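What follows is a short report on a single structure.
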Amino acid sequence: MGGTGLDVLVSAGSWGFSAGPGDASTPVPVWVGMGFALLAGLPMGLLRRWPGPVAVYLSVLLVICDQLGAFTVNTLQVLLPISVGVLARSRGWGWTAPVAVLAAAATGVNLADPGVALTSNTWFYSVGLIAAPVLIGRYLRGQEGRRKEDTAPLLDLLLAGGGVALSVLTTWPYWHSGEPPVWAVALGVMLAGLALGVVRHLPGAVLLLESVALVMADQYVPRTGSSLQLLALVALGVFATRATWPWVAAAYALTCSVAAIVVVDDPADITPFRVVALMTMITAPVAIGRYAGVRQAQARHAAELSAERARAARLAERERIAREVHDIVAHHVGAMVLRASAAQYAGADGPAAEALADIRDTGHRVLEDLRGLLSVLRDPGEALGSDLMLPNMLADPGDVLRDAVSRMTTAGLRVDLRLAPEAEWAPLVVRASAARIVQEGLTNVLKHAGPGARAEVDVAMRPDALTVEVRNGPGTSRAPDVLPSHGQGIAGMRERARAFGGHVTAGPAEGGGWRLTASLPVPVPDENRPVCRVSGRLA
């Protein structure tokens, strides 16, 4: 439909052909002109499936229409590079190279006047018109499968290069026809083409720039405005993908006004058909831009919906596993606590009684930790992520601390660790996060102070919080080696502490060095909460 409509707009006002070279053009019936339009446009519907045969067909049809003098050659000269570009994107060089040569030859036959040998300028245009879409198609083929953020700068570069190529190739024969010097015209033309490099980021500004360039070109350099019209249409299409309807309507009115200034030379040339044709031409990029914008919004919504569904499935699986683990472990630990309590009631004394009391108290703490783990696994998003709340729960936090100190000592850092025994009574999730804070703090000391520095780690227990302090003196005399860093260490520690309602402070210490402190609140035991106590007679 697009190919056929393009030929109707281009050729309808001049339908006719010559009987042979040199003969005067004679009008032909409308159905003949429509026949040529269908011959040129309908094959485009097969372009995505069979780009090679379609490009060959258009090349042959271009030569035939050129020999007949049919005005459809203007449409074919637009559709042929498009078909070659699609071929280069979807097929290999085995198809692309011979078809590109055939298309360039057909373009050369069309550009050369009848009976006149092909000149160097003709071959320059013939090769350029086909080589540009081939390069674009091969580029797009090479970018398939790459991430969008990786290809964004290259896409801007491609737009800028394509804009310059289009503006220069279509206007340079007329640079000397105006009042301004040739160098000034060349700079203006190249600036208008380069502006497409930022059209994805500043579409409104680029549209204004192209509109001003069009008016200036039509005023001072005749015959160049029509060639630059395509740049403004591209900017309008990109603008339509981002802006709201009122802004799109304003941009549409601006582009129509500028196009009318460029196209209309004599007010007597204004006819209803030409007005409709001009408005239709300007409507096409708006419709394409709005369609592309809707598709992009749908793609983003689909991606967000898919991510949300995946997250919901993960949370459901986490909760199921957490419930199963809680039920199994809580059952056995509860049975262990009850048996220990029963043994105490049966009259155990001495070391056995102390061991049974310890088993009972430990079992109570395990059940408390299990409840905390279950609440976190049910919805890790509320706790800033399970990896933040439950780092490496397979190891005891005390062992994690000692292992971190050992590793840093091996790396050349002298560490003094003071771990209060009372810290073992803090909930497991709190102790695990404290261990991770110590690990990150010691890593920062090694990064910035270097091997040979001395660090002090103090983990203590207050009535309402577990406190961590990591302090180091001045660094070594030599500059420490630069270690890999993502620059989010302190921010991550603060988020970890904030998840428990705590805080982290970091800054220079007195006398040089660095001091990191963290406070992680722990639940205060509720005196009214019932606990398992042995009293009365066991039934």
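A short reminder: the numbers here are calculations on the coordinates, not readings from a lab. Just so we're clear, the structure is a prediction, and the values are computed from it rather than from any experiment. A quick note on method: Cβ atoms are made from the backbone with ideal geometry, for glycine too, and the neighbour counts reach across all protein chains shown.
Structure data summary
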item: Cα gyration tensor shape of region 148-264, rounded if a/c is under 1.5, else prolate or oblate by comparing a/b with b/c; result: oblate
item: Cβ-defined net charge surrounding V438, 13 Å radius [Lys, Arg +1; Asp, Glu -1]; result: 0
item: Computed lengthening from H301 to M279, 0.36 nm per intervening residue step minus Cα-Cα distance; result: 4.6 nm
item: Packing rank of 126-138, 433-445, where each peptide gets the mean count of other beta carbons within 10 Å, highest leading; result: 433-445, 126-138
item: Formal net charge of residues neighbouring R242 (Cβ-Cβ distance under 15 Å; K, R +1; D, E -1); result: +4
item: Potential lengthening between L154 and E319 on full extension [0.36 nm per residue; Cα-Cα distance subtracted]; result: 54.9 nm
item: For region 28-74: rounded, prolate or oblate by the Cα gyration tensor [a/c cutoff 1.5]; result: oblate
item: Highest average packing first - 284-290, 34-40, Cβ atoms within 10 Å; result: 34-40, 284-290
item: FRET E, pair V78, R309, Förster distance 35 Å, beta-carbon r, rounded to 0.05; result: 0.20
item: Alpha carbon centroid spacing (whole Å) that separates region 317-347 from region 355-372; result: 9 Å
item: Sorted peptide list for 196-204, 358-366, criterion being average Cβ within 10 angstrom, highest first; result: 196-204, 358-366
